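A short write-up of the structure that comes next.
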Amino acid sequence: MRIILLGAPGSGKGTVAEDLRSAYGFPKISTGDLLRAAVRERTPLGLKAEAQMGKGGLVDDATVLALLGERLAREDCRDGYTLDGFPRNIAQAESLEALGAPGPEVVFDLQVGEDVILRRLTNRRTCPSCEAIYHVINKPPKKDDVCDVCGTALVQRADDRPEVIAERLKTHREKTEPLIARYAAKGTLHRIDGGLTPAAIFAEVKKILDAVMGEIGSSRGRG
């Protein structure tokens with residue numbers, strides 16, 4: 001099964017992906033995480049991605065797909081996986097489908113107002129060591145600016161600064177809206193109110209996913 005999470009930066013895709021992993025065992029595949037790892041390791045692909053990410057732009061498709069293809073080939077993706085924020089345009093969607101996937105495709109679009117997103121992202125802090133994520137207001141660390149997990153000083157990612165967020169949201173609107181329409185036409189899209197609490201959001205996601213999985217089980221039983 002391929003689960004795709006769509007939504008603007010800061011809409012809560014990562015949280016839903018983690019909840020899906022806990023509940024169903026589907027690994028969370030975030031192209032952002034893959035790219036940041038490449039940047040941290042200073043690989044050629046990472047250096048190329050770093051320049052684009054720092055300006056709020058999207059990393060070119062060839063780079064993203066090369067990293068993604070390697071990740072999806074691992075054993076833990078055999079029965080299914082969750083994609084956090086990919087694909088982001090029609091071309092990426094077509095390339096993803098060419099890679100193949102086990103079982104059906106389910107797409108969730110987390111819808112959140114841009115004012116809410118701005119508040120979420122500008123107050124987000126990240127541990128550069130273990131990648132734990134905090135929020136200055138909603139999920140602060142026990143000690144100011146220090147990771148609870150490993151004690152490393154927290155940082156604000158370059159793409160969480162207000163001027164970069166504005167560019168990221170503009171890019172999202174231009175590139176992702178046609179993609180949303182594409183999945184709606186396929187009948188695989190489910191719209192979720194991303195302004196709800198994390199627990200309420202996941203309850204909606206789980207209800208839909210359980211229904212889809214139930215249909216799969218019924219079909220196999222009839223076969």
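Observations
- Computed from the Cβ-Cβ distance with R0 of 35 Å, the FRET efficiency linking Ile216 to Glu75 stands at 0.95.
- Ignoring lysines fewer than eight residues from Lys139 along the same chain, the ones with Cα atoms less than 20 angstrom from its Cα are Lys13.
- A full extension of the chain between Gln111 and Gln156 corresponds to an added length of 13.8 nm, given 0.36 nm per residue minus the alpha carbon distance.
- Peptides 123-129, 80-86 ordered by average Cβ neighbours within 10 Å, highest first: 80-86, 123-129
- Cα-based Rg / Dmax (Å) for the chain: 17.5, 58
- The Cα center of segment 49-97 and the Cα center of segment 147-179 differ in position by 17 Å.
- Helix-only [θ]222 nm of the chain, DSSP H runs n ≥ 4, -39500 (n - 2.57) each, per residue, nearest 500: -16500 deg cm²/dmol
- Long-range amide H partners of Arg191 with built H, under 5 Å: Asp109
- Peptides 167-176, 31-40 ranked from most to least packed give 31-40, 167-176, packing being the mean of other C-beta atoms within 10 angstrom over each peptide's residues.
- Backbone HN-Hα couplings from phi across segment 66-74 [Karplus 6.51/-1.76/1.60, Hz, Gly and Pro as x]: 4, 5, 5, x, 5, 5, 6, 7, 6
Just so you know, all these numbers are worked out from the coordinates, no wet-lab data involved. Since we're looking at a predicted model, the values are computed, not measured. Note that we place each Cβ from the backbone using ideal geometry, even for glycine, and neighbour counts take in every protein chain shown.
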